[in-house]
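Derivation of every value follows stated rules applied to the coordinates shown; laboratory data play no part. Computed from a predicted model, the values in this text were never measured in an experiment. In this analysis, Cβ positions are derived from the backbone assuming ideal geometry, glycine residues included, and neighbour counts consider all displayed protein chains.
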Amino acid sequence: MDINEKSFELGSKRSIIRELFEYGKKRKAEIGAENVFDFSLGNPSVEPPKAVEKILKSLLESENSMLLHGYTSAQGDLATRKAVADSLNKLCPFEIPADLIYMTCGAAASLTITLKAISNIGDECIVFAPFFTEYKVFIENAGAKIVISEPDESNFQIDFNNLQSKITSKTKAVIINSPNNPSGVIYTAETIRTLSEILRQKSKEIGHVIYLISDEPYRELVYNGEKLPFVMNYYDNSIVCYSYSKSLSLPGERIGYIAVSPKNEEKKLYNAICGAGRSLGFVCAPSLFQKLIAKCANITVDIGTYKENRNILYKNLTSFGFKCVKPDGAFYLLVKCFGKDAASFCERAKTHEILVVPCDDFGIKGYVRIAYCVSRETIVNSLPAFNALANEYV
Ligand code: PLP
């Protein structure tokens, strides 16, 4: 075999989300963009904060261009890591040093590196359905096996009995994602506390650490104005995987970080992260954007637009008879399908020019995801189409 079969398979088959997005582009060319209601992709629709543009301009005008575009330290510029550590230190009573921060090319790289750093062949990593589809790819790439814990469908918090039944002597880590893609659900402090207690107990029973990986690209996209429970305050063996893709609307710039809790029992963990970054070719995250982050680690996009989109969609769709999980954050709405099969429901939605993603690959059947990071016009104009879709079933 001249190529790696698994890589060929991954590269040949587009994800269902990308498939729909491509279909949407084609359809828009055929009937006009305004007539297609494309809710397929989680691409931010709110502009980056004005400060981002200002800082970028001033960096380009005032900094030495060789320094600006040159290599940084493999784990990221010290000034950037200090700024990130300072921003995190506001969330906890202990100090996370800059030496435990690793700058990355977004959350995808943060996760890939973290999983590679901790996994050995045959290890298991638990994810909670519904989960970001790429977790499977990242976990398997690290030589581990994905194990899915099914949710409590009444509220989409963790089903702890189900979780306990999934933990084995091979469990190396669990990944949480709050606010969640695709449900928009936020884990309460109570959920994080109970999860931490179970992980502590089970780690003792199986005789090794179970890491808690918190994937947090939507951390600041929370609608009730509350701060999310910060995992390091609850569980020592935790690792935060973050990205500025959504909080600063910079998904194409590929910038994020890994933060290792200073309370981790495994003192070699950070070095393993650096080693995994090295072996995966992820050293030195984009230099210009590292320098930007050094100056705006505490800024966030205006989430008012997403909140209003959520309010309009949730209110109208429920009034049309759809059952939806009310999202408290991120920019996704999880909707229960009419009929059992999400794929055929999505096909039916397409006949109304509505593009939504079936959630089978997110680990749950019978649901679709609406990514409402779209223009207000698309939201409002799509409502009659959603109403007509619902009327086909009632
Ligand atoms: N994790 C979750 C839950 C996501 O939704 C995404 C992107 O949509 C990522 C990770 C990857 O983020 P990034 O674009 O920063 O790599």
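Couple of notes before you dig in:
- A count restricted to region 106-124 and to residues that are farther than 13 Å from Glu134 by Cα and within 16 Å of the ligand (Cβ to nearest atom) stands at 4.
- If you check Cys346, Cys373 for being surrounded by fewer than 23 Cβ atoms within 10 Å (Cβ to Cβ) and either in a helix (DSSP H, G or I) or among the aromatic types (Phe, Trp, Tyr) (or both), only one passes: Cys346.
- Residues of region 45-59 classified as in a helix (DSSP H, G or I) and in contact (Cβ under 8 Å) with a residue 24 or more places away in the chain, total: 5
- Number of the condition not met by Ser196 [criteria: (1) over 25 Å from Tyr306 (Cα atoms); (2) within 14 Å of the ligand (Cβ to nearest atom)]: (2)
- Only listed residue being of a type in the set (Val, Ile, Thr) and surrounded by fewer than 17 Cβ atoms within 10 Å (Cβ to Cβ), chosen from Ile3, Ile16: Ile3
- Any hit, region 108-117, residues being of a type in the set (S, T, N, Q), within 14 Å of Leu280 (Cβ to Cβ) and surrounded by fewer than 20 Cβ atoms within 10 Å (Cβ to Cβ): no
- Taking each residue of region 1-29 that is of a type in the set (Phe, Trp, Tyr) and looking for partners that are surrounded by 14 or more Cβ atoms within 10 Å (Cβ to Cβ) and part of a loop (DSSP other than H, G, I, E, B) with beta-carbon atoms closer than 8 Å, six or more apart or interchain, yields Phe21/Ser40; Phe21/Leu41.
- Condition check for Leu334: buried (at least 23 other Cβ atoms within 10 Å of the Cβ), touching a residue at least 40 places away in the same chain (Cβ under 8 Å), among the aliphatic types (A, V, I, L, M) and in contact with a Cys (Cβ under 8 Å, 6 or more places away or on another chain): yes
- Within region 211-240, the residues that satisfy the criterion of being within 12 Å of the ligand (Cβ to nearest atom) and charged (D, E, K, R) are Asp215, Glu216, Arg219.
- Residue match in region 60-77 (condition: aromatic (Phe, Trp, Tyr) and over 27 Å from Pro286 (Cβ atoms)): no
- Residue under evaluation Gly339, criteria (1) touching a residue at least 24 places away in the same chain (Cβ under 8 Å); (2) away from the ligand (no atom under 15 Å from the Cβ); (3) in contact with a Pro (Cβ under 9 Å, 6 or more places away or on another chain), criterion not met: (3)
- Subset of region 290-308 [part of a helix (DSSP H, G or I) and under 30 Å from Val185 (Cβ atoms)]: Ile293, Cys296, Gly304, Thr305, Tyr306, Lys307, Glu308
- With respect to the conditions (1) of a type outside the set (Val, Ile, Thr); (2) on the phi > 0 side of the Ramachandran plot; (3) within 14 Å of the ligand (Cβ to nearest atom), Gly143 lacks only one, and its number is (3).
- Test for Val209: is it closer than 28 Å to Val356 by Cα, among the aliphatic types (A, V, I, L, M) and surrounded by fewer than 22 Cβ atoms within 10 Å (Cβ to Cβ): no
- Yes/no for Leu41 being part of a helix (DSSP H, G or I) and in contact (Cβ under 8 Å) with a residue 40 or more places away in the chain: no
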